[in-house]
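Data block below; observations after.
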Ligand code: NAP
């Protein structure tokens, strides 16, 4: 069994399958500057207060360290490598690490659990990673609580931005939505809700050029794209809501995907269209996107994979 990806979904699948003596190999990814790295998106956060079981909260990276240690304790093997190619015309299925053009795969697996996650699209500005969890966030549900009575910015003009801004208005003193055009992409109902909210104001035709601050975010360098006028927006928090992208390029043409690139799984299951290949966590969830829902679906994938292997091992019985 090979598990590709090591966020809450992948490592939960590893804990369960290791305890079921299935000897999972986890390809955890390689360190990078995005959430597409070992441990996933929680590696880019600081305090996590909504993960059950931690009444005093836990730091995102520490939480992932606990997941990893728990998987290792039951015998999961974890390699700090990135899968470069998969061949799903099995079983067994082929998984390559390193040069994808070598004829033989690095690993052959009877079953694969895909938990490669998703990442928030970021602005790509200098110091972005440094400020993540220190004023900069991509998840209002996760971090909104920390910005009580503060002035914060939300970047974007789609449904996510409107949803984040509206949600944040419960905590924040004031929210400024920074949008690069003078028209929102969001659905009419979400627009109407945000536009009617007294705490939300809009900074139209404006882009963020820089993050300002020493150790925490203290402001944004912004520019009006029509007039070219540059100014500083004094905010202590900024939520980037310009979309998410699932890490599914490895599976293009082999696993069924929605139009937005997320993997399709059967309802109430983690089964993909390829027998023996299961998907869990954010790679197949463009709706809930929470660590705890990812972990839950990792558990589902482990049980689905276990039952699949059991069925395959059972000798066929006659009519
Ligand atoms: P989206 O619809 O693609 O909107 C992205 C927004 O970010 C757009 O306003 C876009 O500006 C802006 N943007 C993109 N790249 C940017 C950049 N580099 N710099 C500045 N601004 C940038 O993404 P989304 O809001 O995450 O929504 C994704 C999908 O999920 C949509 O289908 C949406 O309807 C759905 N969704 C639904 C709900 C809900 O119904 N409750 C909630 C959230 C999301 P432009 O407009 O200028 O392109």
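The values are calculated or read from the model by the stated rules, or taken from the named source; none is laboratory data. Note that the structure is a prediction, hence the values are computed from the model and not measured. Ideal geometry is used to build each Cβ from the backbone, glycine not excepted, and the neighbour counts take in all protein chains shown.
Scanning region 17-47 for residues that are crowded, with 24+ Cβ neighbours inside 10 Å and part of a strand (DSSP E or B) gives 26, 27.
Each residue in region 124-161 was checked for being crowded, with 19+ Cβ neighbours inside 10 Å and either in contact with a strand residue (DSSP E or B) (Cβ under 6 Å, 6 or more places away or on another chain) or farther than 22 Å from residue 59 by Cα (or both), and 16 of them qualify.
I need the full set of residues from region 213-241 which are within 13 Å of the ligand (Cβ to nearest atom) and not in a strand (DSSP E or B), in order please. Reasoning before the result, please.
Start the filter on region 213-241 by keeping residues that are within 13 Å of the ligand (Cβ to nearest atom), which leaves 220, 222-223, 225, 238-241.
The answer is 225, 241.
This table checks each residue for (1) at pLDDT 95 or above; (2) not in a strand (DSSP E or B).
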position: 15; (1), (2): yes, yes
position: 61; (1), (2): no, yes
position: 70; (1), (2): yes, yes
position: 94; (1), (2): yes, no
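Among the residues of region 254-263, write down those that are away from the ligand (no atom under 11 Å from the Cβ) and free of Cβ contacts under 8 Å to residues at least 12 places away in the same chain.
Just the residues of region 254-263 that are away from the ligand (no atom under 11 Å from the Cβ), to begin with: 254-257, 261, 263.
Passing the criteria: only 257.
Applying a threshold of 8 Å to beta carbon distances and a minimum spacing of six or more residues, or different chains, the list of pairs starting in region 169-182 at a residue that is in contact (Cβ under 8 Å) with a residue 24 or more places away in the chain and closer than 15 Å to residue 159 by Cα and ending at one that is away from the ligand (no atom under 16 Å from the Cβ) and assigned to a strand (DSSP E or B) reads 177/201. Would you check if residue 108 is closer than 28 Å to residue 264 by Cβ and either more than 16 Å from the ligand (Cβ to nearest atom) or in contact with a strand residue (DSSP E or B) (Cβ under 8 Å, 6 or more places away or on another chain) (or both)? When the stated conditions are applied, residue 108 passes them. Scanning region 77-89 for residues that are surrounded by 18 or more Cβ atoms within 10 Å (Cβ to Cβ) and touching a residue at least 60 places away in the same chain (Cβ under 8 Å) yields 78, 83, 86, 88. Checked against (1) modelled with pLDDT of 95 or more; (2) within 14 Å of the ligand (Cβ to nearest atom); (3) farther than 25 Å from residue 150 by Cβ, residue 251 passes all but condition (2).
Which residues, counting only those in region 264-289, are surrounded by fewer than 20 Cβ atoms within 10 Å (Cβ to Cβ), within 17 Å of the chain's Cα centre (by Cα) and away from the ligand (no atom under 14 Å from the Cβ)? 264 - this is the single residue of region 264-289 that is surrounded by fewer than 20 Cβ atoms within 10 Å (Cβ to Cβ), within 17 Å of the chain's Cα centre (by Cα) and away from the ligand (no atom under 14 Å from the Cβ).
Among 218, 164, 201, which is the only one that is in contact (Cβ under 8 Å) with a residue 40 or more places away in the chain, under 17 Å from residue 237 (Cβ atoms) and surrounded by fewer than 17 Cβ atoms within 10 Å (Cβ to Cβ)?
Numbers: 164 fails: surrounded by fewer than 17 Cβ atoms within 10 Å (Cβ to Cβ); 201 fails: in contact (Cβ under 8 Å) with a residue 40 or more places away in the chain.
Among 218, 164, 201, only 218 is in contact (Cβ under 8 Å) with a residue 40 or more places away in the chain, under 17 Å from residue 237 (Cβ atoms) and surrounded by fewer than 17 Cβ atoms within 10 Å (Cβ to Cβ).
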